[in-house]
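In what follows, a single structure is set out as structure tokens and then discussed.
The values are calculated or read from the model by the stated rules, or taken from the named source; none is laboratory data. All figures in this text were calculated on a predicted structure; none of them were measured in a lab. Here the Cβ positions follow ideal geometry from the backbone for every residue, glycine too, while neighbour counts run over all protein chains shown. To get the accessible areas, we keep the full protein, side chains included, count just its heavy atoms, and leave off ligands, DNA and RNA. Shrake-Rupley method; radii C 1.70, N 1.55, O 1.52, S 1.80 Å.
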Amino acid sequence: MNSPYSSPASSSAGSLSALGWDDSFEALFAEHAAAGLVPARVTRVDRGRCDTLTASGPVRAAGAAVTSADPVHSVCTGDWAALRPGPDPELVALLPRRTAIVRASADRTSHQQVLAANVDSVVVVVSLAMPLNEARIERLLALAWDSGAKPVVVLTKSDTVDELGASTASTAVAALAPGVDVVATSGASGAGLDDLRTVVAGTTVLLGPSGAGKSTLANALLGRELMDTSEVRAADGKGRHTTAHRELLPLPGGGVLIDTPGLRGIGIQDAADGVDRVFSDIETYARDCAFRDCEHRSEPDCAVQDAIVAGALDVGRLDRYRKLLRESERAAARGDARRSGKRSDEKKQITRDLRATYRFRNRQL
Ligand SMILES: Nc1nc2c(ncn2[C@@H]2O[C@H](COP(=O)(O)OP(=O)(O)OP(=O)(O)O)[C@@H](O)[C@H]2O)c(=O)[nH]1
Ligand SMILES: [Mg+2]
Ligand SMILES: [Zn+2]
């Protein structure tokens with residue numbers, strides 16, 4: 001990979017704000033500043049070492065002090081950290097995360113994994129060259145909503161379908177994503193990139209399966225070939241997991257982009273709020289059901305079943321909603337059981353993280 005950091009930072013406050021630093025982070029940092037530490041945004045974590053960007057340029061630092069047995073409390077791409085400068089730079093603390101994209105870890109234990117921290121926009125990347133996978137899009141949107149960031153769906157590879165194909169896919173995806181912008185782009189031709197730039201801001205993360213075109217889109221937005229890409233497999237159109245690390249890269253017009261490795265499975269953690277946002281169309285119908293606790297199965301005067309009969313709602317979507325809610329509830333129960341057996345200082349940390357998240361959400365409402 002080429003170095004994305006060809007020009008050293010000039011004025012420190014200016015360069016930090018292009019990376020997402022603001023007054024509220026500054027206030028949280030006061031204690032660290034008084035201790036002689038400097039703010040650093042984590043761009044990549046690799047076996048305990050962290051690449052960061054600071055006001056005076058890139059710094060590679062030790063991350064042992066910000067790595068914990070529970071992955072949710074370990075340093076992650078997008079974190080703001082307090083860095084002790086010097087010949088052996090070290091990250092000594094993490095600022096509370098404003099948003100965090102958290103999935104259930106792949107092994108389905110009660111552990112969770114943070115995919116990216118302090119994200120403002122989550123781009124769910126969907127390839128137009130592959131059949132639509134509704135369940136995957138809904139899962140990614142649930143993670144995105146639950147993080148507190150703004151979700152956007154990008155349909156990539158628009159050059160591989162005709163106009164009718166693109167508009168049919170857009171309509172189908174819009175029905176899965178109430179309240180979410182859906183933008184068609186082509187990393188190959190550059191089509192749609194300006195539309196995308198108008199709907200994302202700040203820190204933007206690209207999420208999606210391998211081969212969807214995340215890194216190609218990243219390069220198009222960066223205006224440089226910074227991320228490696230490779231052909232999908234001819235046999236089944238799946239990607240080759242080319243991107244192996246989450247990587248934060250500054251965008252030319254300000255703001256930053258986080259490219260991520262292709263997601264294999266997307267386990268939902270305790271994300272009931274996010275799930276409800278994704279399926280807000282069903283929630284809206286449900287308000288007109290005769291019974292407040294209607295399960296939308298065979299109850300009389302069920303507005304959700306009426307919508308299915310009228311062709312306004314796909315029965316598959318109702319099934320997927322139920323499945324995600326169940327998964328979220330099970331994850332919540334596992335998390336409760338695990339947490340109740342943990343040391344109290346860790347509980348306090350979790351509460352602090354949640355409080356920070358909810359403060360941000362309330363500000364957004
Ligand atoms: N025709 C066309 N091909 C594209 C477009 N975007 C990506 N591709 C191709 O799709 C393949 C996969 O693209 P990548 O950008 O590597 O996909 P990725 O999502 O980063 O995949 P992983 O890193 O494995 O997760 C490459 O061969 C790209 O050239 C596009 O807009 N149009
Ligand atoms: Mg990639
Ligand atoms: Zn009902």
Positive-end extreme of charge dipole, the chain - chosen from Ala188, Pro178, Gly262 (charges on Cβ): Gly262
For the stretch 231-296 and the stretch 131-164, distance of Cα centres in Å: 7
Whole-number accessible area per residue in Å² for the chain, which is evaluated in the context of all protein chains at 1.4 Å: 48
Rounded to 10°, Cα long-axis angle of helix 163-176 versus longest principal axis of the chain: 90
Amide H contacts of Gly208 (H built 1.01 Å from N, under 5 Å, at least 5 apart or other chain): Val125, Leu263
Point-charge dipole on Cβ atoms (K/R +1, D/E -1) for the stretch 12-94, about Cα centre, debye to 20: 300
Antiparallel bridges, percent of DSSP beta bridges restricted to the stretch 100-259 (to nearest 5): 35
Relative contact order %, the stretch 232-290, counting alpha carbon pairs below 8 Å whose residues are six or more apart: 20
Nearest 10 degrees, 0 to 90: helix 23-34 Cα axis against the chain principal axis: 30
Pairs of Lys in the chain closer than 28 Å at Cα, counting only those 8 or more apart or on different chains: 10
Quarter of the Cα convex hull surface for the chain, i.e. its orientation-mean projected area (nm²): 20.0
Net charge dipole size for the chain [Lys, Arg +1 and Asp, Glu -1 on Cβ; Debye, nearest 20]: 1160
Cysteines not pairable in the chain (beta carbon separation under 4.7 Å absent): Cys50, Cys76, Cys302
Relative packing of 170-181, 210-221, 306-317, which averages over residues the other C-beta atoms within 10 Å, highest first: 210-221, 170-181, 306-317
Cα-based helix-to-principal-axis angle, 134-147 vs the chain, degrees rounded to 10: 50
Apportionment of accessible area to carbon and sulfur, the chain, percent (1.4 Å): 51
